[in-house]
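Below is one structure, written out as structure tokens; the observations come after it.
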Amino acid sequence: LEVMMGTSDNDNDSDGDGALDVIVVNRDANAYVLHNITQETNFVELDLKNKFGAPAIGAIVQFNLGKQRRRVRVRVARSYFSSMSPLIHIGLGNNTEIKDVIVTWPSGKKTTYDFFKKGRAVIEEPTT
């Protein structure tokens, strides 16, 4: 068994199949990819865009998933020398949608949505 010192990891859907993959960067060894080969995926992926069309870094999304209230922030980094996709990936488990969605934009504006069903959606910050 070879022991390596990981310096960062990145979880994202690197191949666009809806299943999150993990990329690990090591200090003294090659980086590697843990490719998720799950056949069926059940997720909502939100792509929040600011008024200029760029990722809405700092936006907060609150939603209900089943009986739980959750909160996720759009970010592109979480550790030293690491970056990540700005997409919000929400595994649904046995659920079919997220409900009562509130987006708080970095500008302070709020938008609400009744629900998002399985799949991907782009949400743009209102300009007015």
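The values are calculated or read from the model by the stated rules, or taken from the named source; none is laboratory data. Remember, predicted model here, so these are calculated numbers, not experimental data. Positions of Cβ are generated from backbone atoms using ideal geometry, with glycine treated the same way; all protein chains shown enter the neighbour counts. Side chains included, ligands, DNA and RNA excluded: accessible areas come from the protein's heavy atoms. Shrake-Rupley method; radii C 1.70, N 1.55, O 1.52, S 1.80 Å.
Please indicate, with yes or no, whether at least one residue in region 23-31 is part of a loop (DSSP other than H, G, I, E, B), among the acidic types (Asp, Glu), surrounded by fewer than 16 Cβ atoms within 10 Å (Cβ to Cβ) and at pLDDT 80 or above.
Of region 23-31, the ones part of a loop (DSSP other than H, G, I, E, B) are 27-31.
Subsequent filtering for residues that are among the acidic types (Asp, Glu) retains 28.
Restricting the remaining residues to those that are surrounded by fewer than 16 Cβ atoms within 10 Å (Cβ to Cβ) gives 28.
Next, only the ones that are at pLDDT 80 or above stay: 28.
The answer is yes, given that some residue of region 23-31 is part of a loop (DSSP other than H, G, I, E, B), among the acidic types (Asp, Glu), surrounded by fewer than 16 Cβ atoms within 10 Å (Cβ to Cβ) and at pLDDT 80 or above.
Picking from GLY58, GLY53, GLY93, which residue would you name as being in a loop (DSSP other than H, G, I, E, B), of a type outside the set (D, E, K, R), loosely packed, with under 13 Cβ neighbours inside 10 Å and under 16 Å from the mean Cα position of the chain (by Cα)? Don't jump to the end; show me each part of the working.
Details: GLY58 fails: loosely packed, with under 13 Cβ neighbours inside 10 Å; GLY53 fails: under 16 Å from the mean Cα position of the chain (by Cα).
That would be GLY93, the only listed residue that is in a loop (DSSP other than H, G, I, E, B), of a type outside the set (D, E, K, R), loosely packed, with under 13 Cβ neighbours inside 10 Å and under 16 Å from the mean Cα position of the chain (by Cα).
For region 21-34, indicate whether the set of residues that are in contact (Cβ under 8 Å) with a residue 60 or more places away in the chain, in contact with a His (Cβ under 9 Å, 6 or more places away or on another chain) and closer than 29 Å to THR96 by Cα is non-empty. Checked region 21-34: no residue is in contact (Cβ under 8 Å) with a residue 60 or more places away in the chain, in contact with a His (Cβ under 9 Å, 6 or more places away or on another chain) and closer than 29 Å to THR96 by Cα.
Do you know which residues across region 61-90 are on the phi > 0 side of the Ramachandran plot and open to solvent by less than 60 Å² (accessible area, probe 1.4 Å)?
Initially, region 61-90 is screened for residues on the phi > 0 side of the Ramachandran plot, giving 66, 81.
Of everything in region 61-90, just one residue is on the phi > 0 side of the Ramachandran plot and open to solvent by less than 60 Å² (accessible area, probe 1.4 Å), namely GLY66.
The test for being modelled with pLDDT of 85 or more, open to solvent by less than 40 Å² (accessible area, probe 1.4 Å) and either on the phi > 0 side of the Ramachandran plot or not polar (S, T, N, Q) (or both) holds for ASP47.
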